[in-house]
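Working notes, structure below.
Any read-out appearing in this document is the output of simple, stated calculations on the displayed coordinates, not a laboratory observation. Quick caveat: nothing in here was measured; it's all calculated off a predicted structure. So basically every Cβ, Gly included, is an ideal-geometry build from the backbone, and we count neighbours across all protein chains shown.
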Amino acid sequence: MSLENLLKIGQLKPHPPDAAEVQRLLLAAGRSLADARVTAISPETRFDAAYRAVMQAALAALMANGYRPDTSRPGHHATLVQGLVLTIGLVPARVMVLDALRRKRNLADYTGEDIDDSSTTQCIAEAERLLRDVKAWIRVNRPALIAAGGKGGRDD
């Protein structure tokens, strides 16, 4: 499967890369991670914030490649996660971990399943790692999308 194939079957829409938009998403992912690290809130809320950072980073990667998911179709979160192999060359084993976190989030949101502390810790760590990977990929492959010295490109 390729990004072009996902476009043909309607999972993606063309979306011209925009530096300001990509930088905003990267900054938003950083803020989401900061929220996820606040231990005074519930594990579920922290997990949600870390998961949101994963989605924001994955969306930035997809947009850097000239696409966005069709959010009117079901499965756009899965498309974002599974598309990381195509957008930044993420290894399938890491995608499987992120996809398991996506399924855990769905269970929590739609069935009320509890989120345990270890899942929250794992989601935060995976979100941090993905954000670093997306920023690094963009710096190398789409440097015009991260202004020199711009906040979206920093690793903090």
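With the convex hull constructed from alpha-carbon coordinates only, the chain shows a mean projected area of 8.9 nm² over all directions.
In terms of other Cβ atoms within 10 Å, T87, T45 run from fewest to most in the order T45, T87. The order of S119, S2, going from fewest to most other C-beta atoms within 10 Å of their C-beta, is S2, S119. Here the dipole of the chain is about 520 debye; that uses its Cα centre as origin and unit charges on the Cβ of Lys and Arg (positive) and Asp and Glu (negative). Note on D109 and A34: their simple-model spin labels are 2.4 nm apart, each label 7 Å out from Cα toward Cβ.
Ranking V97, I115, I146 by Cα position along the charge dipole of the chain, where only Lys, Arg, Asp and Glu carry charges on their C-beta atoms, puts I146 farthest toward the positive end. Taking θ as phi - 60° and the Karplus parameters 6.51, -1.76 and 1.60, the scalar couplings of segment 121-138 work out to 4, 5, 5, 4, 4, 5, 5, 4, 5, 5, 4, 4, 5, 5, 4, 5, 4, 5 Hz in sequence order, x denoting glycine and proline.
Sequence gap at least 6, Cα distance under 8 Å: using those rules, report the relative contact order of the chain to the nearest whole percent. Show your work: numbers first, answer last.
Working: 207 pairs, mean separation 50.8, N = 156.
After rounding, I find 33 percent.
As a rough footprinting exposure proxy, the listed residues S32, S72 were ranked by other beta carbons within 10 Å of their own, and the order from fewest upward is S72, S32.
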